[in-house]
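Everything below concerns the one structure shown next.
Each value in this text was obtained by applying a stated rule to the coordinates, not by laboratory testing. In this text, all values refer to a predicted model and were calculated from it rather than measured experimentally. Neighbour counts run over all protein chains shown; Cβ positions are idealised from the backbone, glycine included.
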Ligand SMILES: [Cu+2]
C-alpha cells in the first residue's frame, strides 16, 4: 500500500494489453474500469429509482387512488429517495471521479487502486442490501405476526430516507425494514469514506509535475471539496446509525424520550450529515458545468478562482446550516434566527457561481451540443431551486413550506434540474473519451427537450400544489382540495421525463457500439484527459506531461503559452496487478454489518457475523502481504 | 415594517394561480390570522426579489446564448477573458443587501411569534398528536375533544403541541402555519384568528402507515358561540334515557370501554378519542369521514379497512352490534 502505484518504475512496461472476461472485471484495480462499473451500476439504480418515482406519481395521479397500499407507498418513497441519492447520483458522480480525476491530473491511477476497488464492491453490496428486501417481502408478508419470524413481515425500508426517530424505533417499527436500511446505509457510508480518503490523497499527491493547485481543473477542485465533505459528514450519520442500532438491538434509549433520550438528537446528527450531503450531490455537477460551459464557448471559465473559492465556501458553510431542516421542530428563536442567517449566506457564493457561468458565455462562440444544452439547463434549473431555497431560508415562511410539495419541488430543482442535468452534461461530454465514440447528437437534442419539458411539467406545478397545502409523503388525498388537476399534470410530466430517459438509454447503448468515432480531443477542450487516446490505454499516458497552465491542452494548440510538454525518452510504466482481495473484503464487511443488525432474530445471523469477520481478516491480511507490483 | 402593504401584492400572484382552477381550502396564500398574515408579508417580499432574480438570470442566459451562438464562420477564437474582479465583487456584495432586506423582518417575526403570551384572556389548548388522530384539551376550561378544535375569534390562542409516540406536525395553513409535535417536548403556536369559519389542517410529518389520513379541523367561533360550545362540551353525556342506557351497554359489551371515554359513564380510557360528544363533530376518524350513521357503521365495522394500520382494531362485531353502536354514538351530541 505504501508505494503509490503509478510512480514510474524501473520494471518493464508489460501491462498495456487490456485483459477481458468476467474475472478481469472482478479483480480489476484500474480506475477507468471501476469508473465504468460505478457508472453502469448508477444508471441501473437510476432506472430503479425512476420506476419507484413513476409508481408514486401514478398513485397520486387522481385523488383517493388505490393502485398501491399505504405501507407499500411509504416504502416506495423511502426507497426512491434513498436510491436516487445514494445509488443514483452519488455513484454517477463517483463514476466521473474515478474515470476522470487521474486523467485530469495526469496520473496513471488513484493512489490506492485496491482500496478503490474495495469501495466499489462495498457500494454494490450496500445497494444490494437496500434492495434485496423487494425480493424477500413478497414471500414473507404473509407470515404469522405471532411467529418468531414476524420481523420479516416488512423488510423493505419504510421509515423515509431521513429515518426520523422515534418512528424508526423498535416500538413503532418492530420489523426488519429499518434494520435493512441501517445496514445498507452503514455499508455505503464506509464505501464513500474509503473513496473519499483515496481521492483526497490522490489529488494532493498524484498531480503531474507543474500542476499547482490553481492549475487544477475546476472539476478536480470540486471533487476535492466533495471528498472533504464526505469524510467529514459521513461520520455523523455513521454515529447516528450506530446509536439507532443500539436502541433497536440492545434497548438503549438515545432517541427515546420516555427514558431520557431525545428524538431531535437524531435530526441534528442526520442533518449534520444530510446538509453537506446536498453539496456532495451538487458540487460534482457544478464542476462538470464549469468544464463544459468554457469548452463550448471557446473561452476560459470567467473568474475561475472565484468559482473555486465559492465552491470551497459552499462546502464550509454547508456544515453550518443543518438546522434549517429543523425550523419546525421548535429549536427556539435564537437558533432559528442564527441558522436562517447562515442559510441565507449560502446564497452569496451560489449566486457568484451562476453569474460567473453566464459571463463565461458572454462574448464566446457558443456551440449548442447536447452536453452544452444540459449544462445550460443546469444553470437555469439550478437557479430555480436556489431561489425557492431562499424562500424557506426564512423560518416563518418555512413554517408554511416545510414538508409540503413546495419543498419537493425545491429539491428536485436542485437535485434533478441541478445534479442530474449536470451529470447528463458530463455523460455527453466525456462519453467520447470513455468509449472512443460520440453519443448521437440528434437523439441527444430530442432527449434534452423531453427531459427538460418533462422535468418542468412534473416539478414546476409542485410549487403550487405545495403552496395550496398538499403535504409530502401522503399516499393519497381527497378531492375538493384543488390538488387534482395539478397532480395529474405532474404525472403526465413524469412519464414524459421517463420517456426521455428511456430514449437516452437506448441511444447510450446504441452509440456505445456504433456511434461516430471520436478522436483524442474532439471538443477542442482544455484539460489533460484530452491528450490521451479515446478510450485511454490501460496506463493512461505514455509519458507524464509537464503542466504550465490551467488550460494546458488549449494553450498547446491556441497559445499563448506552451500549455504542457512531454519529457524526452522512454518512461517505464508500472501498473498494480489485479486482485480479488478487495472484492472478498467488501463481501466480508457487508456480510458482517448486515447480519449484525439481525442478531436478535436467529443464531444464523451470529454465524454470518463471524463468517463476515473471518473474511475481513483473511482478505485484509493477504491484501497487505500481496506485492503492490 | 408594514406587512399589510407588502401583502397587497399577494393578490396579484393569487389571481394567476386561482385561474388554474377551483377552490384551495388549504392554500397558504390565504391568511386568516395575524401570524399567517405576517408570514405572507415576508413571503411576498422574498417572492418579488426572487422573481426579479429569476427574470434576470433566465433572461440573461437566453439572451447570451442567442447573441453569442457560434455562426460557424468565425476565423479567430473569441477574446480569452479570464475574469473581471470589479464585476465579480459587485455580484458578491450586492446580494448582501437583498438578503438583509429579507433577514431583518424574518428575524423580527421569529422573535415576535415565539415570545411568551402576555394577554390575560388567552385561550390555552393542548394538542396531542396520536397515530393517527389529534386529541385537544382545554386545560383551563375543562374540556377534552378530538380532531376538531374550536377557538374564539380575535382572541389570542396558545396551542401547546405534544406527542407521546412519533413525531407529527401540526399544520393549519390559513391560521397557524405549522410546528412539530416532538415526543418529550412541548412546542408552541400562538395566533389570533381573524375570520369565522372552518379551517382545514393536516399532519405534515411522516408518522407511519396512515400519515396521509391524519387530518383535523379548526372551527373559529364568535366568542359567544365559543362559550356555548365549551358549555355543551363540558356537560356529561346524556345517560338517563332508556335508549342511552341500552346503547352504553352495547358499548361496554363490545369492548369499546377499553380505549374510549364517555363522560358521565364508567368509560374513562384515553387510548382513543374522547367520545362524550362525538355526535357533535362534523367529521370522524380524524377528518376523513363525514359524521353520519352510515360512516360510523363503516368505521366501527372495520377501522383498519378505512385507515390502514389503525390502532382501533377490527373487533369482528355483528351487524346488529354495529348498528346499535352507531345509533348510540349519534345521540352523543
Ligand atoms: Cu402524523
For segment B:241-330, shape from the Cα gyration tensor axes a ≥ b ≥ c, cut at a/c of 1.5 then a/b versus b/c, turns out rounded
From the Cα centre of segment A:90-163 to that of segment A:267-305, the distance in Å is 24
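Restricting to Cα pairs below 8 Å that are 6+ residues apart, what does the relative contact order work out to for chain A? Please round to a whole percent.
Normalised by residue count, the contact order of chain A is 20 percent.
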Output row, site residue B:327, 7 Å Cα→C-beta label point, backbone N cut-off 14 Å, window segment B:286-303, residues B:293-294, B:297
To the nearest 10 degrees, the tilt of helix A:70-82 (Cα long axis) against the first principal axis of the alpha carbons of chain A is 20
Chain B, Gaussian network, Cα under 10 Å: of B:91, B:49, B:229, the residue fluctuating most is B:91
Inter-chain shielding metric for A:402-412, i.e. average beta-carbon neighbours from other chains within 10 angstrom, reads 2
Averaged over residues of A:163-175, the number of beta carbons from other chains lying within 10 Å of each residue's Cβ is 3
Restricting to Cα pairs under 8 Å and 6 or more apart, the percent relative contact order of chain B works out to 15
Going from the fewest other Cβ atoms within 10 Å to the most, one would list A:435, B:318, A:394, A:177 as B:318, A:435, A:177, A:394
Going from the fewest other Cβ atoms within 10 Å to the most, one would list B:259, B:207 as B:259, B:207
Taking Cα atoms only, helix A:581-597 is inclined relative to the longest principal axis of chain A by an angle, in degrees rounded to 10, of 10
Percent relative contact order for segment B:241-330, counting Cα pairs under 8 Å at least six residues apart, stands at 27
If each part is reduced to its alpha-carbon centroid, segment A:309-369 and segment B:270-333 end up apart, in Å, by 50
Highest GNM mean-square fluctuation among B:111, B:216, B:134, for chain B with Cα springs under 10 Å, belongs to B:111
Per the 1/(1 + (r/R0)^6) rule, R0 = 41 Å and r from the Cβ atoms of residue A:505 and residue B:81, FRET efficiency to 0.05 is 0.60
Per-residue average of other protein chain Cβ atoms inside 10 Å, peptide A:356-363 -> 6
At R0 = 51 Å the Cβ-Cβ FRET efficiency linking residue B:119 and residue A:613, nearest 0.05, sits at 0.20
In degrees, nearest 10, the alpha-carbon axis of helix A:441-467 is tilted away from the dominant principal axis of the alpha carbons of chain A by 30
Ordered by fewest other Cβ atoms within 10 Å, a rough proxy for footprinting exposure, B:172, A:501 read A:501, B:172
The distance between the Cα centres of segment A:372-421 and segment B:207-263, in whole Å, is 44
